[in-house]
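**Q** Dropping the structure in here first, questions after.
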Amino acid sequence: MDETRLAQIGIIVTERKAVSELNGLLSVYGEYIIGRMGLPLKERGVSVISLVVDAPADVINTLTGRLGNLSGVAAKTLFAKADGNKPR
């Protein structure tokens, strides 16, 4: 089994029509998502989603890339500095 990394993926959705495809994509990667928080900012016409994931780095990078390729969606990843698989 590949070593996993802990990461936070920040997502900003500016086009409502992207939400269905975005949710489908998150469902595909659901086994890696350990937390999700969404904030709809209706007055600005955007939604902000924060994901916490525990997955191999290549899976996290692929998910972030696929999210960022959706029209009206921006996504960036922040990896934890500490290796969550090793005791401190």
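The values are calculated or read from the model by the stated rules, or taken from the named source; none is laboratory data. Small disclaimer: the values here were computed from a predicted structure and weren't measured. Cβ placement follows ideal geometry from the backbone for every residue including glycine, while neighbour counts extend to all protein chains displayed. Heavy atoms of the whole protein, side chains included, go into the accessibility calculation; ligands, DNA and RNA do not. Shrake-Rupley method; radii C 1.70, N 1.55, O 1.52, S 1.80 Å.
**Q** Using only Cα atoms, what is the ratio of the radius of gyration of the chain to 2.2 N^0.38 Å?
**A** Values: Rg = 13.5 Å, N = 88, 2.2 N^0.38 = 12.1 Å.
That ratio works out to 1.12.
**Q** Another one. On the protein heavy atoms, probe 1.4 angstrom, tell me the percent of accessible surface of segment 23-64 carried by carbon and sulfur.
**A** Working: 1350 of 2480 Å².
Carbon and sulfur: 55 percent of the exposed surface of segment 23-64.
**Q** To the nearest 10 degrees, how steeply does helix 19-28 sit against the main Cα axis of the chain, on a 0 to 90 scale?
**A** For 19-28 against the chain, the angle is about 20 degrees.
**Q** A follow-up question, please. Report, to the nearest 10°, how far helix 57-68 tilts away from the longest principal axis of the Cα atoms in the chain, using its own Cα long axis and a range of 0 to 90°.
**A** 10
**Q** With every protein chain present, what is the per residue accessible area of the chain (1.4 Å probe, Å²)? Before the final figure, lay out the partial values.
**A** Values: 5940 Å² over 88 residues.
Accessible area per residue: 67 Å².
**Q** From the Cα gyration tensor of segment 1-48, with a ≥ b ≥ c the square roots of its eigenvalues, which class applies: rounded if a/c is under 1.5, or else prolate if a/b is larger than b/c, or else oblate? Present the calculation step by step, with values, prior to reporting the outcome.
**A** Working: a/c = 3.24, a/b = 1.97, b/c = 1.65.
Here segment 1-48 falls in the prolate category.
**Q** Would you please name the GluC sites (Glu not before Pro) within the chain that are DSSP coil residues with at most 10 other C-beta atoms within 10 Å of their C-beta? Provide the component values of the computation, followed by the final result.
**A** On the way: sites: Glu3, Glu15, Glu21, Glu31, Glu43; in loops: Glu3, Glu15, Glu43.
Sites meeting the loop and neighbour criteria: Glu3, Glu43.
**Q** Going by the alpha-carbon gyration tensor, a ≥ b ≥ c the square roots of its eigenvalues, is segment 34-79 rounded (a/c under 1.5) or, if a/c is not under 1.5, prolate (a/b greater than b/c) versus oblate?
**A** On the way: a/c = 3.38, a/b = 1.60, b/c = 2.11.
Cα axes put segment 34-79 in the oblate bin.
**Q** What is the distance, in nm, between label points placed 7 Å from the Cα along the Cα-to-Cβ direction at Ala80 and at Val52?
**A** Modelled inter-label distance: 0.8 nm.
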